């Protein structure tokens, strides 16, 4: 029987869960893959830290980089995290030394994936990263295998559980951003430093990876990214009144042979599928030919769901199935053009908090008209206690650039007392 | 470069679509799989039928069985259909002669899958059947690969687009079964003879296949199957009033080491995910450990979606990835016990159309009490024009057997003027 000697580097929640899983499920994995998975080595930053796993002294590597040159290592599982430093050193060295690599590191793959794939390809080893995008959802394997026949025109969805938890809790519990963030931290749904989750960076890395898999293109940094920090209770209430939910959505889309990648809070119809995705769930929607629209939904994070993804990668390698990390060889991947969000058209929700005096409304609508943005709906809500008003405008389909110009111009006006809001609408 | 010589047998809508797809997408498939797919031969019942495809005379086989012994055939794609006859002969002979097989034939796999897998295994060839279950949804590949790490406890969902179209149209358009069926036929959503779609047989075959993949068991004929033919407008209206939708759902579930397979119309909460699946869509929900709940949704039928699935199988074979057809070898598959639905517990909706006279309600509730089924809710609606009443009862969780006994006993009563209804409720 074939064997696969594994080194797990990084023993946080995920590494420890995986270690235990592989020990407890060796038999069934061996039967399914015709290959015995053996955790030969483990390593992490601190040897003496209290850990929940039992291991043999011989398994411990004092220097994690040893895994990259020991002859009894076939596969290195990188669970350190971060695009630079130790993780980068480990994965580059591993592939150079002809070791297979499995990683959950979206930042590393989004930044260095193309370079790493080239080395993996040259050395005929696997580089697999199912766990880097949407935890337990088998989205990468589905794109590479189950949906291989399809020409994909659009992929979008909810790729970050933390921000989705916050938005859906603000909606359900009628609470403010900060209150809900505190809840999320207490429940373990947000990290102590949740900035990458909230500012859209986490979604950005995932979307870049999905884009290259969907469109057979190289990774590309042209991406518009906006997080959820500025969404407040009033926007959520307004959205509900207008028949929408607010979700942080990543979109990647091919239009006229140009790809546009964007991540931003989005108003979506409250009877749409994606509006129903609450809490920490992730959901990916793929428009492809010939298959039509496909949806994959599930647990996007946490040690258990991530282990499910890691084991699918380990199994693929166990079966001796060498594949290109991004489906196609570097030579065959396309140099597609990436388009800026500025040239795309959206209908949008804008909210202006103004001092209520004559001429304000006329001035605002005038600025819209000057920028050739036509107004579909306008709601002015006076605030009884103060001399202020809230003006909510829904536009018809308009160029992103024009919407931004309006925002910039109105922001400067003296009658504005709070930073105006612009949230794009997706009518699908 | 490696080549894969393919014979497509059966040239209906699906076979013709696949033939064109493979010709038009040869380059990208070759790049992705490192192997050239070549349609060497085709065959179908009638040679002279008008077809939408162009082919070379040399490609045509007068006797479709030739494909099973010609040395320049590696893979046979069976698109004849039916569990017996030509399809059976073709697939058995192909595997015996060491040809790979890809099939969309759920009836054949559900009936002979275990025997066929054994031959495929012995001869080290692939038998793949992604297209046999839920068209374009990559459910089988996800179970075998993307979700390989998981111990699955339950799989359920909407596996038949025709019946789902009918039920959701009855609901949305407030029409009767027969009217909607006529519409469905006109729109191409129902075949001329739709009996297998409507009586649950189609779902039954799919569920048997999914069961063996999820629980590593053999195919098993112990399955409760009930179709949608007896659902009428009144039931749909009642369901709505009670906060439910009616869907034809297939369930397979492991409880106390016994598997229970069942297919029946089901009342499900109208705010649940599955209630939102309308029209011809399919959706599969999987509860697994460690991944949690995963959902895959998409187009369940039609030549385009089915081709997506067939090509994923062809690609898997192209990559030279020999796998056990049911994930595990015959030797390792489990002989699990299958439980009858009779021992399971459900809450249920029962509807009795009765002649309205004194004592009827008391007699009915008495029969419930005698069978130890407790009533959660009872609604009696008098019909103004006649001396008849409709009695709708929602029960607490009760043994299936007891529910059936009640149904049988009440049916015999003289005050009943129409066959009573029993529809199980799923509270998840």
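Each reported figure results from applying straightforward, stated rules to the coordinates on display, with no laboratory input. Bear in mind that the values here come from a model prediction, so they are computed numbers and not experimental data. With ideal geometry, Cβ positions are generated from the backbone for all residues, glycine too; neighbour counts draw on all protein chains shown.
Just a few scattered comments:
- Among B:134-145, B:203-214, the peptide with the highest mean count of other Cβ atoms within 10 Å heads the list, and the full ranking is B:134-145, B:203-214.
- Average 1/r across all pairs of distinct alpha carbons in the range B:344-426, invert it, and you get the Kirkwood radius: 12.7 Å.
- Scattering profile of the range B:378-428 at q = 0.23 Å⁻¹ [log10 I(q)/I(0), Debye over alpha-carbon scatterers]: -1.01
- Using a 7 Å projection from Cα along Cα-to-Cβ, the label point at residue A:237 is separated from the same position in the remaining copies by 4.0 nm, smallest value first.
- For the residues of B:276-282, the average number of beta carbons from a partner chain within 10 Å of their own beta carbon is 1.
- Percent of C-alpha pairs per 20 Å bin in the protein assembly as shown, short distances first: 14, 42, 34, 10, 0.
- Diffusion constant of the range A:138-266 at 10 °C, which comes from Stokes-Einstein with the Kirkwood Cα-pair radius and 1.306 mPa s, µm²/s: 101
- When the P(r) of chain B is calculated, the portion above 32 Å amounts to 42% of the C-alpha pairs.
- Packing-based ranking, highest mean first, of A:398-410, B:306-318 given that Cβ atoms within 10 Å are counted: B:306-318, A:398-410
- With the highest mean first, a sort of the peptides B:414-421, A:294-301 on other beta-carbon atoms found within 10 angstrom per residue produces A:294-301, B:414-421.
- Segment residue A:36-residue A:340, extension gain: residue separation times 0.36 nm, minus the distance between their alpha carbons: 104.6 nm
- A simple spin-label model places pseudo-atoms 7 Å from Cα toward Cβ; at residue B:54 and residue B:331 they are separated by 5.2 nm.
- The range A:2-132: equivalent-ellipsoid semi-axes (sqrt of 5 x gyration tensor eigenvalues, Cα, Å): 22, 18, 14
- The mean number of Cβ atoms from other chains found within 10 Å of a Cβ in peptide A:292-304 is 6, as a whole number.
- For the range A:2-132, the relative contact order works out to 23 percent when only alpha carbon pairs closer than 8 Å and six or more residues apart are counted.
- Estimated FRET transfer efficiency when R0 is 60 angstrom, pair residue B:377-residue A:427 (beta carbons, to 0.05): 0.90
- Those residues of the range A:151-168 whose amide nitrogen sits under 20 Å from the label point placed on residue B:27, 7 Å along Cα→Cβ: A:151-153
- Legend: calculated FRET efficiency, residue B:98 to residue A:185, from the Cβ-Cβ distance at R0 = 41 Å, rounded to 0.05, equals 0.10.
- Euclidean distance between Cα centres, the range A:152-201 to the range A:350-428, Å: 27
- Residue-averaged beta-carbon neighbours from other chains (10 angstrom radius) around A:29-38: 3
- For chain A, the mean residue ellipticity at 222 nm estimated from helices alone is -10000 deg cm²/dmol, where every DSSP H run of n ≥ 4 contributes -39500 (n - 2.57) and the total is divided by all residues, rounded to the nearest 500.
- What the Cβ-Cβ distance of residue A:70 and residue A:118 gives, at R0 = 25 Å and to the nearest 0.05, is a FRET efficiency of 0.55.
- Across the identical copies, how the residue A:256 labels are spaced - nm, sorted shortest first, 7 Å along Cα→Cβ: 6.6
- Gaussian network model of chain A, springs between alpha carbon atoms under 10 Å - residue of A:335, A:175, A:357 with greatest fluctuation: A:357
- Label distances, nm, residue B:370 versus same residue in remaining copies, Cβ-directed 7 Å point: 8.5
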